[in-house]
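No value in this document is a laboratory result; all are computed from the given coordinates. A quick note: this is a predicted structure, and the numbers were derived from the prediction, not measured. Using ideal geometry, Cβ is built from the backbone for each residue, glycine included, and neighbour counts are taken over all protein chains shown.
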Amino acid sequence: MTIAEFEEISLILGIGGLILYMIFILYKLAEESKAGKFGTFVIFFSLGLGFVGFAAKYIIKRFLEN
């Protein structure tokens, strides 16, 4: 395994872990603020757009390399 491969795997795992932690934080925030169903949906939808952007970057990068 080269250093570049290790860095790429570490980046994906690290960002994935942070995303999971952010989901937990947002859940607790929605629960404590009593945001309701729509408020919770808006909170998770806005964060979900960031997740999609991160995944799209990875997919586009792989597509352009081939």
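Counting only alpha carbon atoms, the long axis of helix 36-65 and the longest principal axis of the chain meet at about 10°.
Footprinting exposure proxy ranking of Glu65, Glu31, fewest other C-beta atoms within 10 angstrom first, gives Glu65, Glu31. For Ile43, the shell of other residues with beta-carbons less than 13 Å away shows a net charge of +1, using +1 for Lys and Arg and -1 for Asp and Glu. When peptides 36-45, 2-11 are ranked by their average number of other Cβ atoms within 10 Å per residue, the highest-first order is 36-45, 2-11. With both labels modelled 7 Å from their Cα along Cα-to-Cβ, the Phe51 to Leu29 distance reads 1.5 nm.
Treating the angle as unsigned and between 0 and 90°, give the value, to the nearest 10°, between the Cα long axis of helix 3-32 and the longest Cα principal axis of the chain. That works out to roughly 0 degrees. Taking other C-beta atoms within 10 Å as the exposure proxy, Met1, Met22 rank Met1, Met22 from fewest upward. Here the scattering of the chain is modelled by Debye summation over its C-alpha atoms, one equal scatterer each and no solvent; at q = 0.12, 0.13, 0.14, 0.22 Å⁻¹ the log10 of I(q)/I(0) is -0.44, -0.50, -0.55, -0.94.
If R0 equals 22 Å, the separation of the Cβ atoms of Ile15 and Phe63 corresponds to a calculated FRET efficiency of about 0.70.
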